[in-house]
Amino acid sequence: MSVYDKYETIVGLEVHIQLLTKSKLFVPDSASFGASPNEQASFITLSHPGTLPYINKKAVEYAIKMGLALNCPINPDNHFDRKNYFYPDLPKGYQVSQDKRPICGAGTVPIMVNGVEKNIRIHHIHMEEDAGKSLHDQDAQYSYIDLNRAGVPLLEIVTEPDMRSAEEAATFLNEIRRIIAYLGISDGNMEEGSLRCDCNISVRLKGQEDFNNRAEIKNMNSVRFVQKAIKYEFKRQVDLLEKGENIVQQTRGFDSERGITLAQREKEMAHDYRYFPEPDLPAIHLSEEYINEIRAAQPPMPYELEQKYQTEMGLSEYDAKLLTEELAFAQYFESVNEKVKDPKTSANWMLNTLKSSLNENKLDFVDFPIKSDNFAQLIALVKSEKVNLQQAKAELFPALMQSPNSDPQELARQLNLIVEQDDSFVEDLVNGILERFPNEVKAYQNGKKKLIGMFMGEVMKASKGKVKPNMAKKVLEDKLSKYSVI
């Protein structure tokens, strides 16, 4: 047994979500990404004397949406605080955040890892403004400051130390990304900084209840890097403990090229920030009616749909996960299945034919041209055996992609794909096949029943897939039992 097997990883995350509002949290400056440096920094962002902040109502709404999605109670009375800590790229010299009365209380997020469901507890969610950006690679002597991001609204989700592996942390982050996409409150783009997280990591002997000192890995902008940092930090801390050394509580950075963490400074405790209520902003009072209006407009959450698809529709965990990756995709599936009334068949068409088409044509789902009604009609044609499955996928579906507003059944007629229902047509076809293969007929009648597959293939080929397989097989077996070879 490895020495590392004696220990377990303890992980808590602080996830920062940049909200998709048009303006910043306390000023009307644009919050869009990609502008030239300092183009979106007004007098208020620059904290000139005499300027006063005011709250962005849309940011508050988005915070409530996130709290409801994570099963958090919404605090009807909450306020902002000044967090006194030197930010070289935040002109005020302090950050406006929430401390004692955050907007959202404790909640939970269910995740599934290796087939096991686990609830990750949320300590709270609070609103705060983002800092600007320091650029250290523009000049050999100086660091440059871009204040476009200063004041952009953030939500910070603070978890309890409930995760026990890098995989659990990655799954949690991916679930958060999925939830914010469902809510439409952020684009979740980690490369652009819309979603970042700090990882609090400690280790302890298995069975131990007390926590040891932790390291906080700051500003992680990739799920993959989060996993690498947790795995590295686990080994680093275990190695120190095995040598009899103490873990220093500190802030560390992650060097993605070398895959290691590096000490930055000793970690401040909360009291070092010297929080006090923000005097320039009034407290926020949220009515129950306002919260309920937002609650009523909430879409179902991905984990709720996953559960529904497995328990009510009988789909596998894997299929349910794929169907709920995007809200629009899940809604399309439900619309299709409402008409097809066969969840497994609807899911197979969605996850195989539809997704393959998106990949081949390099399309996002939003660009998929076929409306759900027409897609459901296509599936119904196959289910009712009016169109052969292979021909539906190979010919009818591509034709519908080219002409998405066409009636699928009419399109099938134009392509001569409608399955022949006339018994006499099938009997004439079968008689012709049996006349061509007298030796095989004799062999079948002498006990080689597996030849039925060959005869079926010939029938389907001769009919160009335009007969029902069950009908063809029944006619074949009947004719073969009576057929006399001359």
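Derivation of every value follows stated rules applied to the coordinates shown; laboratory data play no part. These figures come from a predicted structure and were not determined experimentally. For neighbour counting, all protein chains shown are included, and Cβ atoms are generated from backbone atoms with ideal geometry for every residue, glycine included.
Given a Förster radius of 60 Å and the C-beta distance between His285 and Asn416 as r, what FRET efficiency does 1/(1 + (r/R0)^6) yield to the nearest 0.05?
It comes out at approximately 0.30.
Once the Cβ-Cβ distance between Thr108 and Tyr85 is put in as r, and R0 is 30 Å, what FRET efficiency do you end up with, to the nearest 0.05?
So the FRET efficiency works out to roughly 0.50.
May I ask which residue of Ile284, Met127, Tyr332 lies farthest towards the positive end of the charge dipole of the chain, with charges of +1 (Lys, Arg) and -1 (Asp, Glu) on Cβ and the Cα centre as origin?
Tyr332
How big is the charge dipole of the chain about its Cα centre, in debye rounded to the nearest 20, if each Lys and Arg gets +1 on its Cβ and each Asp and Glu gets -1 on its Cβ?
Here the size comes out at about 1560 debye.
Report the Cα-based extents of the chain along its three principal axes, largest first, to the nearest Å.
Result, largest extent first: 105, 58, 51 Å.
Return Ile452, Ile217 ranked ascending by Cβ neighbour count within 10 Å, so the fewest neighbours appear first.
Ile452, Ile217
For Glu338 paired with Asn38, estimate the spin-label separation in nm (one decimal), with each label point 7 Å from Cα along the Cα-to-Cβ line.
5.4 nm
Would you mind working out the magnitude of the charge dipole of the range 303-350 relative to its Cα centre, with +1 at each Lys and Arg C-beta and -1 at each Asp and Glu C-beta, to the nearest 20 Debye?
Dipole magnitude for the range 303-350 comes out near 200 debye.
Please list, or write none, the lysines whose alpha carbon is within less than 24 Å of the alpha carbon of Lys442, excluding same-chain residues fewer than 8 places away.
Here the lysines satisfying the reach criterion relative to Lys442 are Lys450, Lys461, Lys473, Lys474, Lys479, Lys482.
For the range 120-204, what are Rg and Dmax over the alpha carbons, in angstrom?
Cα-based Rg and Dmax for the range 120-204 come out at 15.7, 45 Å.
At what distance in nm do the modelled label points of Asn361 and Asn119 sit from each other, each positioned 7 Å from its Cα along Cα→Cβ?
It works out to 4.4 nm between the two label points.
So how many Å³ per residue does the convex hull of the Cα atoms of the range 3-290 work out to?
Enclosed volume per residue, from the Cα hull, is 149 Å³.
Which of the cysteines found in the chain have nothing to pair with, since no other Cys Cβ lies under 4.7 Å from theirs?
If one checks each Cβ against the other cysteines of the chain, Cys197, Cys199 turn up with nothing under 4.7 Å.
Between the DSSP loop rule and a limit of at most 14 other Cβ atoms within 10 Å, which GluC sites (Glu not before Pro) in the range 208-305 are left?
Glu209, Glu245, Glu257, Glu268
Return the calculated 222 nm mean residue ellipticity for the chain, to the nearest 500 deg cm²/dmol, obtained by summing -39500 (n - 2.57) across DSSP H runs with n ≥ 4 and dividing by the residue count.
Rounded to the nearest 500, the figure is -11000 deg cm²/dmol.
What is the extension gain from Glu435 to Asp255, computed as 0.36 nm multiplied by their sequence separation minus the C-alpha to C-alpha distance, in nm to one decimal?
Separation in residues times 0.36 nm, less the Cα-Cα distance, equals 57.2 nm.
Go through Lys321/Lys362; Lys57/Lys228; Lys218/Lys243; Lys65/Lys383; Lys22/Lys65 and tell me which ones have a Cα-Cα distance over 29 Å in this structure.
Cα-Cα > 29 Å for Lys57/Lys228; Lys65/Lys383; rest within.
Select from Val382, Phe172, Val203 the residue farthest towards the positive end of the dipole of the chain; place +1 on Cβ of Lys and Arg, -1 on Cβ of Asp and Glu, and compute about the Cα centre.
Towards the positive end, the residue furthest out is Val382.
Let's see if you can work this out: charge +1 on each Lys and Arg Cβ, -1 on each Asp and Glu Cβ, no other charges. What is the dipole magnitude of the range 3-290 about its Cα centre, in debye to the nearest 20?
260 debye
Mind checking the range 194-244 for chymotrypsin sites (Phe, Trp or Tyr not before Pro) that DSSP puts in a loop (not H, G, I, E or B) and that have at most 16 other Cβ atoms within 10 Å?
When the chymotrypsin sites (Phe, Trp or Tyr not before Pro) of the range 194-244 are filtered for loop state and at most 16 Cβ neighbours within 10 Å, Phe211 remain.
Could you tell me which trypsin sites (Lys or Arg not before Pro) in the range 13-119 are loop residues by DSSP with no more than 11 other beta carbons within 10 angstrom of their beta carbon?
Lys22, Lys100
Say R0 is 22 Å: what FRET efficiency, to the nearest 0.05, do Ala328 and Arg224 get from their beta-carbon distance?
For R0 = 22 Å, the calculated efficiency reads 0.25.
For a label point 7 Å from the Cα of Glu304 along Cα→C-beta, name the residues of the range 98-125 whose backbone N is under 15 Å from it.
108-110
Among Thr21, Met301, Gly151, which residue has its Cα furthest toward the positive end of the charge dipole of the chain, with +1 on Lys/Arg Cβ and -1 on Asp/Glu Cβ?
The residue sitting most towards the positive pole is Met301.
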